[in-house]
Amino acid sequence: MSEHISYLSEGSPIEVVLEGGPDDLPRAFRTGRSTLTSKKLKIQHRNGYEHFELVNDSADITTAVFRWTMRTKIAE
């Protein structure tokens, strides 16, 4: 599920912002700093996962914006 982003693999943290998704997704998940290694994020929330994909894909980004794409349920 993860695609390697070579220009971010050096471990230098950048700003990450999540757009969309459920209104009750905790604010702590919406913004922060991270060393990204993937163009997709999967965040566990309630009884499932919220999926986000990187929307600004260039080598010189200072803020990585991820947009909500779908929700999946946890298999029981």
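Each reported figure results from applying straightforward, stated rules to the coordinates on display, with no laboratory input. Note that the structure is predicted; figures quoted are calculated from it, not measured. As a convention, Cβ positions derive from the backbone with ideal geometry for all residues, glycine included, and neighbour counts pool all protein chains shown.
Report Rg/Rh for the stretch 14-73, rounded to two decimals, where Rg is the Cα radius of gyration and Rh the Kirkwood radius.
The Rg/Rh ratio comes out at 0.95.
Please list, in order along the stretch 69-74, the HN-Hα scalar couplings obtained from phi with the Karplus expression 6.51 cos²θ - 1.76 cosθ + 1.60 (θ = phi - 60°), rounded to whole Hz, x for Gly and Pro.
Along the stretch 69-74, the couplings run 10, 5, 10, 10, 8, 6 Hz.
For the pair residue 69/residue 38, report the inter-label distance in nm, with labels modelled 7 Å from Cα in the Cβ direction.
In this crude label model, residue 69 to residue 38 measures out at 1.1 nm.
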